[in-house]
Structures are given as C-alpha cells and as structure tokens.
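Engineer: Structure incoming, see below.
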Amino acid sequence: DDSKFSEAITVLLTWIERGEVNRRSANQFYSMVQSANSHVRRLMNEKAAHEQEMEQAKESFKNALTGILTQFEQIVAVFNASTRQKAWDHFSKAQRKNIDIWRKHSEELRNAHSEQLMGIRREEEMEMSDDDSGDNPSKKLRVDDSALAAQAYALKEENDSLRWQLDAYRNEVELLKQEKGQLFRTEESLTKDQQLQFLQQTMQGMQQQLLSIQEELNNKKSELEQAKEEQTHTQAMLKVLQEQLKSAKELAEINGHDESQANEINVLTVALVNQDREKNSEKRSPGLKSEKEALLIGIISTFLHVHPFGANIEYLWSYMQQLDSRISANEIEMLLMRLPRMFKQEFTGVGATLEKRWKFCAFEGIKTI
C-alpha cells in the first residue's frame, strides 16, 4: 500500500539488519523483498505518468502562451491601424497620447511573451539535443526535424499574424469604400430626392394652409354680410315699430281707446313684422353646422315648450349658463334667428315696459312647410 510503504520498508530493513533472516523465515523475507521490487516498477510507472503530465502541462502552457501572443499581435495591429493618418487626425491630443502609451505597453508585453515562448522552444531543442547526443544518424535526423518543426511553427505564427494584419487592412479599405459610397449616395439623395420631397411637402402644407385661410375668410365674409343684413333689417324694423307705435298712440288718443287696445294693436303689428323677418331670415339661414347646435336647439325647444308665453333672451341665457358656461347670449340669439319656423320673436308692452320674448312655434311652423 502506498500509504504504508515507508513504514513497512523501514520495518523490513530493521529486521534484515538485526539478523532475523534464517532458514525458516527465508521464504517469507524473499516474498517481502520481491514485493519491494514490484514496488520499484510501480514507482517507475508513476514517474512516467508524472513526466507525461508535466509534458502535457508544458504543452498546454505553450499553447496558452501562443494564444496570448496571438491576441497581443492583434491588439498591436489595432493600435498600429489607429496611428495611421486617416484615423489619427480625428483623435484629440489626449486620446493620441493614451493610444501611444497603450501601444508601447502592448508591444513590450508582446515582445516579452515572444521571448518567453522562444526560450521554451530553445529549452525543448536543447533537451532533445542532450537526449540525442549520440552518433546515431537517426537521432540527428530527429533533432533536425524538431528544429525544422519549431522554425515551421514560428513561420506559421508569423504568417498568421501577417494574414490578420492583411485582413484588418482589407476590412478597413472595405469600410472606407462603404462610407464613401454611403456619403456619395446620401449627398445625391439629399440634393435630389429628399430636397424634392421636402419641397413637395412644403407646397402641400402651404396649399392646405391657403385653403383653410380661404375657407375661414369666406366664412367670416358670410358672417359679416349676414350680420350687416340683420343689422339693417333690425334698424328698419325698429323704425317701422316706432312709426306704428306713434300712429297707434295717436289713434288711441283720437278714438279714445285705452292702453290695452293700443298694446293689442302693437302686438299685431309686431307679429306681422316678425312674419316678414322670418321669411327673409329663412331664405338666408344655413343648416346646422355641428352636433352642438342640434343639442342647443333641442334644449332651447324643451325650455320654451314649457314656457308658452315666451321668455326673454336673458332668462334663456341664464338657464343655458347652468348647462354650458362657455355659451353667450349673442350665440343663442343668432341661433334662434336662424330658425324662424321653430322660434318666433314677439314684443309686449309699450314704452319703458317694452319687452322682447322668444316663443316655440314648431308645431305651427311645420304646417306651412
């Protein structure tokens, strides 16, 4: 047993030196000496296994060192490419200084690893030459073959490094060609296609703005003309009402009628004027512009339907303010004036008590359509 061999061999040595070997115990001691001899073969096998492991470790270390040296070569190639004028001019002074320091440090490490690798190869060659120092020509051929193999490996590594550098140069040239082509294409497209597209979009935007401005202008003109017509019509109607009121008062004074009869005459006259105004406004009143106007008409109709004697614009506006605070009295009155078959305006009272009220007349107006 390996774990008890040292103790056992010491005991065996003590017995032999003490003279324990005799005729009776000679066979037993012979078997123990034979076991010691077999252990020699085991030790030689262990030594060979350890030597093989050492060779494998050396080989793996050499391969790892070769891989590290290859990566150093690639890094140094990157630094060399960065120091060329095409890329060097675009770096700042601080960046150039750092790149130069890094390149020198990488080159020193690469040279150190290369010397270490060459030293390992020289040691291998010397070991092989020491082992094969005889005059046998086959041994000399083996030494020459190992030297040639080492030189071939070194040439292969140098060739790989040069090939990597060449690939890096080719990639750099391809990138420069692509960048140049992209710049050329982008310049052409910007000068032709994109500029034309930008101009077309700008023209479309200006045309849309012009159409919207023209439409707004037309709407403003129509609203202004409508307001002027309504103003002139209202002024004419007020003059007619004033004349009728004066004539009614004179007739009342001459004929001795009382104030209630004058009011009835006034109401009838105003009704006739309103009918004429409804006819004129019906001719020029446009349709509904939005869903909001339809909602306002429905709410106003409901409100006036429960007020059969009518309501003035201030009362109606105060009611609508509770539903929509943004609406104005002028907007409500304009909407009522645009629909003479649904809403009519009546005047009640005389002088300071004169009041203008709006009534819902859709049930009467639908019969005249």
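Engineer: Part of a helix (DSSP H, G or I) and under 30 Å from Lys156 (Cα atoms), is that true of Glu7?
Structural biologist: Numbers: part of a helix (DSSP H, G or I): yes; under 30 Å from Lys156 (Cα atoms): no.
Taking the combined requirement at face value, the residue does not satisfy it.
Engineer: Please name all residue pairs, on different chains or six or more residues apart, with Cβ atoms under 7 Å, provided the first residue is in the stretch 32-55 and is without any contact (Cβ under 8 Å) to a residue 12 or more places away in the chain and over 15 Å from Phe5 (Cα atoms) and the second residue is in a helix (DSSP H, G or I) and among the basic types (Lys, Arg).
Structural biologist: Filtered contacts from the stretch 32-55: no entries.
Engineer: Among the residues of the stretch 339-363, how many are open to solvent by 30 Å² or more (accessible area, probe 1.4 Å) and out of contact with any Gly (no Cβ under 7 Å at 6 or more places or on another chain)? Please lay out each step first, then the result.
Structural biologist: First, pick out the residues of the stretch 339-363 that are open to solvent by 30 Å² or more (accessible area, probe 1.4 Å): 339, 341-342, 344, 346, 348, 350-357, 359-360, 363.
Checking which are out of contact with any Gly (no Cβ under 7 Å at 6 or more places or on another chain) leaves us with 339, 344, 348, 350-354, 356, 360, 363.
The number of residues fulfilling the criteria is 11.
Engineer: For Ser318, are the conditions met, namely being open to solvent by 50 Å² or more (accessible area, probe 1.4 Å), on the phi < 0 side of the Ramachandran plot and not in a helix (DSSP H, G or I)?
Structural biologist: Details: open to solvent by 50 Å² or more (accessible area, probe 1.4 Å): yes; on the phi < 0 side of the Ramachandran plot: yes; not in a helix (DSSP H, G or I): no.
Taking the combined requirement at face value, the residue does not satisfy it.
Engineer: I would also like to ask the following. With the requirement that a residue be at pLDDT below 55, part of a helix (DSSP H, G or I) and surrounded by 10 or more Cβ atoms within 10 Å (Cβ to Cβ), what does the stretch 115-141 give you? Quick ask: steps written out before the conclusion?
Structural biologist: Kept after step one, since they are at pLDDT below 55, are these residues of the stretch 115-141: 134-141.
Still in the list and also part of a helix (DSSP H, G or I): 137-141.
Answer for the stretch 115-141, where residues must be at pLDDT below 55, part of a helix (DSSP H, G or I) and surrounded by 10 or more Cβ atoms within 10 Å (Cβ to Cβ): Lys139, Lys140, Leu141.
Engineer: Filter the stretch 198-237 for residues that are open to solvent by less than 80 Å² (accessible area, probe 1.4 Å) and not β-branched (Val, Ile, Thr) and give the result.
Structural biologist: Those that are open to solvent by less than 80 Å² (accessible area, probe 1.4 Å) and not β-branched (Val, Ile, Thr): Gly205, Ser212, Asn219, Ser222, Gln226, Ala227, Glu230, His233, Ala236, Met237.
Engineer: If you don't mind, there's one more thing I want to ask. Specify which of the listed residues (Glu174, Glu158) is at pLDDT below 80 and either in contact with a Pro (Cβ under 8 Å, 6 or more places away or on another chain) or among the acidic types (Asp, Glu) (or both). Lay out the reasoning, then the answer.
Structural biologist: Values: Glu174 fails: at pLDDT below 80.
Being at pLDDT below 80 and either in contact with a Pro (Cβ under 8 Å, 6 or more places away or on another chain) or among the acidic types (Asp, Glu) (or both) holds for just one of Glu174, Glu158, which is Glu158.
Engineer: If you go through the stretch 81-97, how many residues are polar (S, T, N, Q), part of a helix (DSSP H, G or I) and open to solvent by less than 70 Å² (accessible area, probe 1.4 Å)?
Structural biologist: Within the stretch 81-97, the subset polar (S, T, N, Q) is 82-83, 85, 92, 95.
Applying the additional criterion that residues be part of a helix (DSSP H, G or I) yields 82, 85, 95.
Filter once more, so that each one left must be open to solvent by less than 70 Å² (accessible area, probe 1.4 Å): 82.
The number of residues fulfilling the criteria is 1.
Engineer: Oh, and also: List pairs: first residue in the stretch 98-119 and more than 14 Å from Gln74 (Cα to Cα), second residue among the β-branched types (Val, Ile, Thr) and outside any helix (DSSP H, G or I) anywhere in the structure, Cβ distance under 8 angstrom, at least six positions apart or on different chains.
Structural biologist: Partner pairs satisfying both residue conditions: Ile99/Thr83; Asp100/Thr83.
Residue-wise test of (1) open to solvent by less than 60 Å² (accessible area, probe 1.4 Å); (2) closer than 30 Å to Glu125 by Cα; (3) in a helix (DSSP H, G or I); (4) aromatic (Phe, Trp, Tyr).
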| site | (1), (2), (3), (4) |
| --- | --- |
| Arg24 | no, no, no, no |
| Gln28 | no, no, yes, no |
| Glu46 | no, yes, yes, no |
| Gln56 | no, yes, yes, no |
| Phe61 | no, yes, yes, yes |
| Ile68 | no, yes, yes, no |
| Val76 | yes, yes, yes, no |
| Phe79 | yes, no, yes, yes |
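The values are calculated or read from the model by the stated rules, or taken from the named source; none is laboratory data. Computed from a prediction, not measured in an experiment: that's the story for all the values here. Glycine also receives a Cβ, built like all others from the backbone with ideal geometry; neighbour counts cover every protein chain displayed. Please note that ligands, DNA and RNA were not included when accessible areas were found on the heavy atoms of the full protein model with its side chains. Shrake-Rupley method; radii C 1.70, N 1.55, O 1.52, S 1.80 Å.
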